[in-house]
4 protein chains.
Amino acid sequence: MYAPPGVRTNPNMAVPDRMRAWVLGDPGQLVFTQKPVPVPSRAEVLVRIDAVAICATDLEVIAHGPPALIQGGLPFNKDWTPGHEYMGTVAALGPGVDEFGIGDRVTVEIHAGCGQCKRCRMGMYTSCLNYGLNYGEVDKGHRANGFTTDGGFAEYAVNNINTLIRIADAMSDEEATLVVTAGTAMYGLTELGGLVAGESVVVIGPGPIGLLGVAVAKALGASPVILTGTREARLQKGLELGADHVVNVTKQDAVEAVRRLVDGKGVDYVIECSGAANAINEAGRMLNRGGKICLAAFPHEPVPVDVAHLVRNNIYVYGIRGEGKSATHRAEAFMRAKRFDATKIHTHTFPLAELPEALRYARDRVEDAIKVVVKTR
Amino acid sequence: MYAPPGVRTNPNMAVPDRMRAWVLGDPGQLVFTQKPVPVPSRAEVLVRIDAVAICATDLEVIAHGPPALIQGGLPFNKDWTPGHEYMGTVAALGPGVDEFGIGDRVTVEIHAGCGQCKRCRMGMYTSCLNYGLNYGEVDKGHRANGFTTDGGFAEYAVNNINTLIRIADAMSDEEATLVVTAGTAMYGLTELGGLVAGESVVVIGPGPIGLLGVAVAKALGASPVILTGTREARLQKGLELGADHVVNVTKQDAVEAVRRLVDGKGVDYVIECSGAANAINEAGRMLNRGGKICLAAFPHEPVPVDVAHLVRNNIYVYGIRGEGKSATHRAEAFMRAKRFDATKIHTHTFPLAELPEALRYARDRVEDAIKVVVKTR
Amino acid sequence: MYAPPGVRTNPNMAVPDRMRAWVLGDPGQLVFTQKPVPVPSRAEVLVRIDAVAICATDLEVIAHGPPALIQGGLPFNKDWTPGHEYMGTVAALGPGVDEFGIGDRVTVEIHAGCGQCKRCRMGMYTSCLNYGLNYGEVDKGHRANGFTTDGGFAEYAVNNINTLIRIADAMSDEEATLVVTAGTAMYGLTELGGLVAGESVVVIGPGPIGLLGVAVAKALGASPVILTGTREARLQKGLELGADHVVNVTKQDAVEAVRRLVDGKGVDYVIECSGAANAINEAGRMLNRGGKICLAAFPHEPVPVDVAHLVRNNIYVYGIRGEGKSATHRAEAFMRAKRFDATKIHTHTFPLAELPEALRYARDRVEDAIKVVVKTR
Amino acid sequence: MYAPPGVRTNPNMAVPDRMRAWVLGDPGQLVFTQKPVPVPSRAEVLVRIDAVAICATDLEVIAHGPPALIQGGLPFNKDWTPGHEYMGTVAALGPGVDEFGIGDRVTVEIHAGCGQCKRCRMGMYTSCLNYGLNYGEVDKGHRANGFTTDGGFAEYAVNNINTLIRIADAMSDEEATLVVTAGTAMYGLTELGGLVAGESVVVIGPGPIGLLGVAVAKALGASPVILTGTREARLQKGLELGADHVVNVTKQDAVEAVRRLVDGKGVDYVIECSGAANAINEAGRMLNRGGKICLAAFPHEPVPVDVAHLVRNNIYVYGIRGEGKSATHRAEAFMRAKRFDATKIHTHTFPLAELPEALRYARDRVEDAIKVVVKTR
């Protein structure tokens, strides 16, 4: 029976000692196994995972390791559980936690900063300078569940209370897994200026972040919201989520089409979610002078960029990482108020035991999969 | 005798009807000629030009036309007077002007926005959406003296009062011509966050903006301030202007050297003033996570950029144009208080009649020229 | 026939030479008369007024003169036309104007700044330092229609294009008169931080700005939104406009009730729209530490304020004036998107000739009047 | 011998088991006693205190208890050590700390936030919503040394690493105790806008924060900086610290004098450090439209405030608490660079054993005492 010292539990919500979890060994090797239910410390809770969505980054992490670590020269992290877009129910409380109660339904964001570095002190916890310094000899307290610490492809996970977002009773488990995706788009719009009501926004790339980027921009009052992409079905989803216009770039020039839609004036903001090689240059040419670009995706290799155009036009470019500045809370507020229906991008559901098949659907876009959700219960 | 209707003059400061001025014909063809002294309208004054500095952009404008216009497909502007880094004495007042008096010593910034577009309404007058729309059929009121309207290689110029900065009696004419250069660096630091006291700053490229960027960063309390470049003499100037460290990139790897100077942690801000092809990538690798880059210069052709690095590290890139957000006033305040000696970058002086020789010194860096100043009196 | 030199008109929209207008003589003395249709200058248009709403400030202006002028020691302005919450149709274009076309439906905001003072240069045009300096000897270009220049209780008015907001075909004339009221609330929320999604907001005082403050806060995603007031009918309107809770302060202690609604934690923002003597103190006690108050109303006499409480709790207080920072555009965007129905506060309509009766309804709240609209056509 | 488990010490800097410390019993009752040297936990270090300055708030805390607690209804905190403006040498490291080394000279700021509440997540750690929740049953991790946890009137103290600021070798112990005072002024200027170069600033009240407020404003480039007060000697100190003008309000009307100094235009910022009953109203009348007031002091009773003036003039009022947003680091950077000489306000020094006498000097301003420093070694 799970009863670690200092941890509060509740007989109405019994927690087993061991749980089922997917564990990553060498690159690409996920094993479904049993391991101990983890124990929350100070400012942490145990979350019983009810559902977890699959993100393109999960596929990358499983195949190659977390990008920031690999890039930083750290070794491939082994023998841990990936998965970061999960939601569930608070099942046990670490010492001193009274911000949440057992039984509370929550969804999560990924990053808990160390709280001590310069960025954390500024509230920029997703840019924590101690990112990844939580295994090995030194633990600075940083957590990026599903990246550097155990994540959501399991029955339970430990979360810092900073990573929890309460959800309404009326929000389904599946919808709740999408909060962090909407929160990433919200973070981008926050950094672009936040006050986007009445401003023109282009979203490049109708992947999950792009589609919810359309929805969030619209909820914030942006007008018009223009979505560009290559697949009609995805563009159609964009219209359902609030896009005023869509541009199929296989049929027309993206920059020309956008500028025509705004009477040649250029738009105020572009959110780049495609990772295409030329996207940043196209974004620059869609903008009016003084406009701003948010990069929520990127090509993996260096690409030619027309830097002169950016400088001559006083364009600012924001490379965003994650879901910073409590943006998930703002996204959840709009979802709670039914300003948009994020579940339009949820296409498939699998049980936990079938994670590999769920990953295949997500990776290969089987049956036009957008968001694939794994139910743990 | 100069006495246009509605314009106030003062007998103590007689203004002739005609003046000497350099006029640009076809690309590269400057002619020294006579033309009427211009007439200030509402919210404008006539400035008697006392000195004017030469900027690298002047060389470009004379050879190719203003970059923003050429890029925007507008024709090469002919039969006007370039020169934008000038200072002088208020010689006549347009209707209703009481903000300045005849005899006031002033230096100038370049841009007066239209006051009506979205950017001007936000205070972003250097990003005026009506840039250049001041000749031809429609005059929206935008002025960029020395770019789209007559500038300072002449004895007189008309300036919107928004472009004037009062200077102290103790500031020499030559020093005053440098305010707008310091103001450009100040604008960059403003956009990077403004509160740079105690933060680490790298300046790439010891040209005039870079060198005064070092001085302004230091005046704002940045620490350490590191300057990178290829020429020892220029790096030496950087030390005189307040750099804590200089890095000669012909002798050591710029990124490694910078990171070593800050104990491997990366710096908070980089101001890129070199226009080198790889500068943005090097800047990205000099920064810590969450750091920021200001681009005050740029390569003329598209260059390979490691966009992935920027996004993964939550790096923001600010392409700045000109001297926005009243930054010249902040720069002048520090210069007035003698926080740095901008005249250290003033190397040569010529009379107005010898402008071509002055331009040659600036272009070819004859005798290690940095800032070449033309005295009109 | 109206055809001033330099002004473009359109035969489809003939403009008479003279118009009917209410003119203010001595305090309280409004006369319905005929006067010439005014002529737009550069960056101005002639607006045919279709509807105008009555604001509490109109009542004050008519009785005592514009508050800022009276307070600043300027004399009571005579022989002009008040009224500032109007909308209409563009009827003629000043020289060079191509931003609007004849026939465009528009609503207006009040302030056009001088464009030259420090505040205007920062984009703070409602805080123009040349406020009121547009009659008498010096015209600095500032306009506050209905306060210092002719306003909307007439058939036509001249407006700087900066004061125009395009409206959708689907928006009724009556609704369009309410944009500037919603814009004032939007300005307040902008200054409080803008990112209010998921944050808790109290609105004190269910007058027009308060009620639309509820609507705007809700549109921005605030949660919960709590409205306090004394009249049940008004509180009921608040619920219709999106308040999650209302507190009748004649029945319960406002501070206690608010704190109970948010579990004792205090709210993030308070918008004070009552002008009650103790409102600022109550606001301070409703807030959590680090919270913010927007003052959109005020008592006319000095009141006791517990300054110690504000300082000890790091509370910031924003006294807002008007509808700054293009907030009307953001408000219009939400209204265009039907995020709230501002017409719920429109209760009565009168023809232009019956302005005095309309003013009486507004002043005495006859038949529970909230917003009284005067139709000029 | 001091060697708690998990704590790193260094034989070169031996730490005793027990130390001398002043302990507060009932209000006003300070006893000089012996108690155990405290033990740092995760993210904490042990500081050997070398010097501590006396703040007016210390006098209040000793006499009445910490203001925020008393005000919040919490009981008078007993049996602990006050004193919050201290500096010293790192003497031992808590588990995992490598940000500092034993022997590092540091000064301190007061607040370490809980890191979990909404304000801490935003970087507003001095407005931590769990302020004071660190004794009794629940410890949320908040620390305010010298207010709610043991402070600096002792030989040793434990500090969260977030509260430490490295100091230069060249900075004396006495000067280092003044960093947090300068940091409070810097926080105020940060919140007022930060970019104060060339802006006009009035400081009301030449106490320690006011005097260093003058110095910090000047270091940031403000011009002019005007100091108002009643005592000539203090105003003289203000001139030495960089004030361009001083106004003795016993001899002239403060508002009139200030407006005359800025040609009737009003100033941009006022920092109120006097706590005088009418200071906020005078500040409002010193400002131009759109100006801002920082309240760094306050009257203890409610005072009449002309709220109407604030609203009509779009004035914002910032009640600041402590030394937020890492402002101490910015202050230290300017002090390190010798931009001002904070020691000009250090007037008296006493050994630790004579704390009561030191307090008397501070309280009664014996021999014109400004800052009284207690040396612990």
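The values are calculated or read from the model by the stated rules, or taken from the named source; none is laboratory data. As the structure is a prediction and not an experimental result, all values here were calculated from the model. As a convention, Cβ positions derive from the backbone with ideal geometry for all residues, glycine included, and neighbour counts pool all protein chains shown. Ligands, DNA and RNA are stripped out before the accessible areas are found, and what is left, the full protein with its side chains, is counted by its heavy atoms. Shrake-Rupley method; radii C 1.70, N 1.55, O 1.52, S 1.80 Å.
In a shell of Cβ-Cβ distance under 13 Å around D:Lys265, excluding D:Lys265 itself, what net charge do Lys and Arg (+1) and Asp and Glu (-1) give?
+1
Could you work out how much longer the chain between B:Lys265 and B:Glu357 gets when fully extended? Use 0.36 nm per residue separation minus the Cα distance between them, nm to one decimal.
Details: separation 92, 0.36 × 92 = 33.12 nm, distance 4.65 nm.
Full-extension gain reported as 28.5 nm.
Computed from label points 7 Å out along Cα-Cβ, the spacing between D:Glu60 and A:Arg18 is 6.0 nm. A label point on B:Pro356, set 7 Å along the Cα-to-Cβ line, lies at 8.0, 8.0, 9.0 nm from each of its counterparts in the other copies, closest listed first. Extension gain for B:Val138 to B:Ala277 (0.36 nm times residue separation, less C-alpha to C-alpha distance): 46.2 nm. Sorted from nearest, the other copies put their A:Gly193 label points 2.0, 2.1, 2.3 nm away, the label point being 7 Å from Cα in the direction of Cβ. Here A:Gln29 yields copy-to-copy label distances, from shortest upward, of 7.0, 7.7, 9.8 nm, the label point defined as 7 Å from Cα along Cα to C-beta.
The portion of the accessible surface of the protein assembly as shown made up by carbon and sulfur, rounded to a whole percent, is 51 (1.4 Å probe; DNA, RNA and ligands excluded). From the alpha carbon centroid of segment C:6-23 to that of segment A:302-374 is 54 Å.
Per DSSP H run of n ≥ 4, the term is -39500 (n - 2.57); total these for the protein assembly as shown, divide by its residue number, and report the mean residue ellipticity at 222 nm rounded to 500 deg cm²/dmol.
Rounded to the nearest 500, the figure is -7000 deg cm²/dmol.
Average accessible surface for chain B: 33 Å² per residue, computed with a 1.4 Å probe over protein heavy atoms with every protein chain in place. Inter-label distance, B:Asp253 to B:Glu240: 3.3 nm, where each label sits 7 Å from its Cα along the C-beta direction.
Only protein heavy atoms count here; on that basis, with a 1.4 Å probe, A:Ile62 has an accessible area of about 20 Å².
Using the structure shown, list the pairs from B:Lys218/B:Lys292; B:Lys292/C:Lys325; A:Lys35/A:Lys371; B:Lys218/B:Lys338; A:Lys118/D:Lys140 with a Cα-Cα distance above 19 Å, or answer none. Please list the in-between numbers first.
On the way: B:Lys218/B:Lys292 17 Å; B:Lys292/C:Lys325 27 Å; A:Lys35/A:Lys371 28 Å; B:Lys218/B:Lys338 12 Å; A:Lys118/D:Lys140 21 Å.
In this structure, B:Lys292/C:Lys325; A:Lys35/A:Lys371; A:Lys118/D:Lys140 exceed 19 Å between Cα atoms.
The heavy atoms of A:Cys120 present about 20 square angstrom of accessible area, all protein chains included, probe 1.4 Å.
Chain B has one residue whose beta-carbon comes closest to the axis relating it to chain D; that residue and its distance in whole Å are B:Gly194, 2.
So which DSSP H runs in chain A come out at 18 Å plus along the axis (Cα) with average Kyte-Doolittle of at least -0.5? Membrane-span-like by this criterion, though nothing is claimed about a membrane: A:179-192. Derived scalar couplings between HN and Hα for segment D:151-167 equal x, x, 7, 6, 8, 9, 8, 9, 10, 4, 5, 5, 9, 9, 10, 5, 10 Hz in order, rounded to whole Hz, by the Karplus curve 6.51 cos²θ - 1.76 cosθ + 1.60 (θ = phi - 60°), x for Gly and Pro.
Counting charges near A:Ile110 (Lys, Arg +1; Asp, Glu -1) among other residues having Cβ under 9 Å from its Cβ returns a value of -2.
Site pair D:Ala3 and B:Thr230 shows an inter-label distance of 6.0 nm when each label is modelled 7 Å from Cα along Cα→Cβ. Each Lys or Arg adds one and each Asp or Glu subtracts one; over the other residues with Cβ under 13 Å from the Cβ of B:Phe147, this totals -3.
Could you please put C:Asp173, A:Asp79, B:Asp150 in sequence from largest to smallest accessible area, using a 1.4 Å probe?
Working: C:Asp173 30, A:Asp79 110, B:Asp150 70 Å².
My answer, sorted largest first, is A:Asp79, B:Asp150, C:Asp173.
The value of relative contact order for segment A:182-319, using C-alpha pairs under 8 Å at least six residues apart, is 23 percent. Within segment B:24-44, the residues that become at least 40 Å² less accessible when every protein chain is included than when their own chain is isolated (1.4 Å probe; DNA, RNA and ligands ignored) are B:Arg42.
Name the trypsin sites (Lys or Arg not before Pro) in segment D:1-97 that are in a loop by DSSP and that have at most 14 other C-beta atoms within 10 Å, would you? Intermediate results must be reported in sequence, preceding the final value.
Details: sites: D:Arg8, D:Arg18, D:Arg20, D:Arg42, D:Arg48, D:Lys78; in loops: D:Arg42, D:Lys78.
Listed in order of number, the matching sites are D:Lys78.
Within the assembled protein chains, the solvent-accessible surface assigned to D:Met286 is about 0 Å², based on a 1.4 Å probe.
Taking the charge dipole of segment C:182-319 about its Cα centre, with +1 at Lys and Arg Cβ atoms and -1 at Asp and Glu Cβ atoms, the residue from C:Ala283, C:Pro299, C:Leu261 reaching farthest to the positive side is C:Leu261.
For a test of the definition: using alpha carbon positions, the gyration tensor, and the 1.5 limit on a/c, classify segment D:34-166 as rounded, prolate or oblate. Could the numbers behind the result be given before it?
Working: a/c = 1.70, a/b = 1.20, b/c = 1.41.
Judged from the Cα gyration tensor, segment D:34-166 comes out oblate (a/c at least 1.5, b/c at or above a/b).
When +1 charges are put on Lys and Arg Cβ atoms and -1 charges on Asp and Glu Cβ atoms, the dipole computed for chain B relative to its Cα centre reaches about 640 debye.
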